[in-house]
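The values are calculated or read from the model by the stated rules, or taken from the named source; none is laboratory data. Please read these numbers as outputs of a predicted model, since none were measured by experiment. With ideal geometry, Cβ positions are generated from the backbone for all residues, glycine too; neighbour counts draw on all protein chains shown.
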Number of protein chains: 2
Amino acid sequence: MDVSLANATAVARMIASRPVLTGVARAGESIPGMHDRLLLHAGPPIEWDRMSGPLRGAVIGALLYEEIASDEEEAAGIAASGAIEFAPCHDHSAVGPMAGVISSSMAVYVIEDLKHGHRTYSNLNEGYGKVLRYGAYGPEVLDRLRWMNEAMAPALAEGLAGSGGIDIRALLSEALHMGDEGHNRNKAGSLLFLKLLAPMVASLELVPAEATKILAFIGDNALSVLNPVMAACKAMGDAAHGVDGSTVVTAMARNGTDFGIRVSGLADRWFTAPAGTPDGLYFAGFSSADANPDIGDSTITETAGIGAFAMAAAPAIVSFVSGTPRDAINATLEMYEITVAEHEHFTIPTLDFRGTPTGIDVRSVVELGVTPRVNTGIAHREAGVGQVGAGLVRPPLEIFEQALLAFAERYGI
Amino acid sequence: MDVSLANATAVARMIASRPVLTGVARAGESIPGMHDRLLLHAGPPIEWDRMSGPLRGAVIGALLYEEIASDEEEAAGIAASGAIEFAPCHDHSAVGPMAGVISSSMAVYVIEDLKHGHRTYSNLNEGYGKVLRYGAYGPEVLDRLRWMNEAMAPALAEGLAGSGGIDIRALLSEALHMGDEGHNRNKAGSLLFLKLLAPMVASLELVPAEATKILAFIGDNALSVLNPVMAACKAMGDAAHGVDGSTVVTAMARNGTDFGIRVSGLADRWFTAPAGTPDGLYFAGFSSADANPDIGDSTITETAGIGAFAMAAAPAIVSFVSGTPRDAINATLEMYEITVAEHEHFTIPTLDFRGTPTGIDVRSVVELGVTPRVNTGIAHREAGVGQVGAGLVRPPLEIFEQALLAFAERYGI
């Protein structure tokens, strides 16, 4: 069996993926298998009793939002009772940042891979401060979600319906030339997103105050595009998944307790181990003692060759995640050692327009002992406090060792 | 006399300048000394008979636009007759890219320097293709100008009037961390500009089609913010001007025939010599044989420490102006040799956040024989063909030698 050939096939499919944002719809009406008593969450599978603070908070928030529970205590009881089904976003073609909780009445971005034909999904970004994805569930969180889902999402849906969609791969190509790395820094990408959405929103028959609110909400949030970018990277990962004999990683995700990966040639099995805690810079008043273990599906960006893998493109990010611009370059250079290709569409000007390191090979990770770098936000370990910093983290080496062992067993090597 | 102390004062004033875009108004009602029979133009003073093709074309276009002439021939006759007064934008606190022609009924951005109290102005950017600033004056050019001045400008004026203005220095600080250098690459800055303008425009009682057109016009033009940036840099240059005993350059400008500079301690005298032709990359179908000599007031950006001086911040620009990312870094590094300060607000991530080289010292230019680098668009030498490329150019050394001689005479050194 030629693993290298299988990996070349997998990564070629990943790079050829052409994810386009074509719509916004309700999760319950678009995500396959979604139903009223199902909550999707970030990372590999987990049950209530092992969930960390921020994920529990987001679950409580979603149950309140859906009016399945009327207060926190009732929500926690229901969540623990087994009356609610939990499943990874990834098992339903979806991704969500941080807690990544998606319930059926929430709006989601719909991405279509024009090359391979599949669809992927992600929720809408809430902005900063007290937000569901960090486990907050107070009235202002639920009110904002209601406005996003009932007012903004239909407007975006109507605007997008009259357009040819938004080519997220092209947007990312441009953003990487504008100092973004696509995971923790999406300033330029979010503005490019606004540029495309603004005329669409302005063309609708909205009252001026509502159009203003939508454009300010999207424009003032430098993470606006993170969610469709994640769904686009999910489309790329899915494109590379299921290639017989391939050791390319097609998903990396954390639920706040465990870090999990999936591998192209190993079907839908998760390989998991306890998630680490990021090293980074903390906002005033917080320290590493406040940090939750690594959480969120946003590592799908590194899986697809951006995020920390493209950090050389984003030297300004070091003021946010720590380190120097030289460290940012070194982060990217190191990732070439564990990847099988250089991206055709994602290039880094300062590296003479070299393509980003793309397609993590489980074999190289284990052989070299070099785990993928991840660039991430840091959540407070208690529900609802919010983001307390940003930094760098790596998945545990053992999940790659598990995967390689499983690969050897599966293929009889 | 302590020239270094005078230069430190001048550059400190330049760096402390805080230009804020506070309004949009008609040139005739805002620019000091503007009147119906006056046309402002880029660069140092020049009369009709010495004007190059693109500047002549823009003059003809302005006379048609103002209905002073009814056709090209009549316009050229009037321009040559002495019935129209010509003056540099710079003599009226204004700047304009390329031909830089401003007539009294055109709309201009109004910049207020909140630190020093003075105002500066620039016209609105027309976008790409056949445009007045490259000397085109066909019906589509005049129609676009009419829409900009009669529809877009009043909307921007109304939106800005209800805001606290747009801090252009802060916008530039951010854009330099997003791969812009502020002269030839203003992609990020133009999107930051859109981000601030979009909610303002959406809040007005415009018909949706008009709001859509305005937001698409601004968003689709990666040079939208160039003009207010130039006016902001003009405010910085003006802040540094008039410091007794200072050899700091406070304006660099080209009219398509001559390159001129002004120096802080030498009042409003221009030192001029024939403008060179940029070296660069040409659009398909054009070559250096088509190029007009260097033209435009946009060198006010380099004067204020951005543009080519900040090229290390914009590695992706080399695909547009030629060279490698290493050349871009070297361009910035070289400029430290001829400048007196590092900018406090404009920093370059890849140079470990070092401030941009700011405040060109005529003495250093002459002593080292190193002229300022300029990053520029290239105009076709015939009126109205438009932009044919982009590249790099330097002013003639002799204008710095003239200035140094005049300085020695003026101060009896």
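Side notes on the structure shown:
- Set B:A231, B:A253: member being under 20 Å from the mean Cα position of the chain (by Cα), in a helix (DSSP H, G or I) and closer than 30 Å to B:D49 by Cα: B:A231
- Within the range B:197-224, the set of residues being within 22 Å of B:I300 (Cβ to Cβ) and part of a helix (DSSP H, G or I) comprises B:I218 only.
- Where helices (runs of 4 or more DSSP H) fall entirely within the range A:110-196, those with at least 2 residues that are under 25 Å from A:I15 (Cβ atoms) are at A:168-175.
- Restricting A:K187, A:K195, A:K234 to residues that are free of Cβ contacts under 8 Å to residues at least 24 places away in the same chain and basic (K, R) narrows the list to A:K195.
- When A:L114 is tested against (1) touching a strand residue (DSSP E or B) at 6+ places or on another chain (Cβ under 9 Å); (2) closer than 19 Å to A:N221 by Cα; (3) not small (G, A, S), exactly one condition is not met: (2).
Residues checked against (1) within 14 Å of chain A (Cβ to nearest Cβ); (2) crowded, with 18+ Cβ neighbours inside 10 Å; (3) farther than 29 Å from B:P44 by Cβ; (4) hydroxyl-bearing (S, T, Y):
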| site | (1), (2), (3), (4) |
| --- | --- |
| B:A304 | no, yes, no, no |
| B:R354 | yes, no, yes, no |
| B:I360 | no, yes, no, no |
| B:E367 | no, no, no, no |
| B:V370 | no, no, no, no |
| B:I378 | no, yes, no, no |
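- Matching residues in the range B:398-413 - criterion: being touching a helix residue (DSSP H, G or I) at 6+ places or on another chain (Cβ under 7 Å), surrounded by fewer than 23 Cβ atoms within 10 Å (Cβ to Cβ) and either outside any helix (DSSP H, G or I) or not small (G, A, S) (or both): B:E401, B:L404, B:F407, B:R410
- Residue that is nearest to the chain's Cα centre (by Cα), among those in the range B:152-206 that are of a type in the set (S, T, Y) and at the interface with chain A (Cβ under 10 Å from one of its Cβ atoms): B:S190
- Tally of residues being within 14 Å of chain B (Cβ to nearest Cβ) and touching a residue at least 12 places away in the same chain (Cβ under 8 Å) across the range A:334-352: 6
- Some residue of the range B:7-27 being modelled with pLDDT of 95 or more, within 23 Å of B:A379 (Cα to Cα) and part of a helix (DSSP H, G or I): no
- Residue among B:G305, B:G265, B:G285, B:G245 that is in the same structural domain as B:V385 (by TED's automatic domain parsing), among the small types (G, A, S) and touching a His at 6+ places or on another chain (Cβ under 6 Å): B:G305
- Candidate set from the range B:219-240 (those that are away from chain A (no Cβ under 14 Å) and in contact with a Lys or Arg (Cβ under 7 Å, 6 or more places away or on another chain)); member that is surrounded by the most Cβ atoms within 10 Å (Cβ to Cβ): B:A232
- Test result for A:D258, among the charged types (D, E, K, R), under 30 Å from A:L5 (Cα atoms) and modelled with pLDDT of 95 or more: no
- Residue in the range B:80-95 that is within 27 Å of B:R185 (Cα to Cα) and assigned to a loop (DSSP other than H, G, I, E, B) present: yes
- Restricting attention to the range A:309-333, the residues being at the interface with chain B (Cβ under 8 Å from one of its Cβ atoms) and touching a residue at least 60 places away in the same chain (Cβ under 8 Å) number 2.
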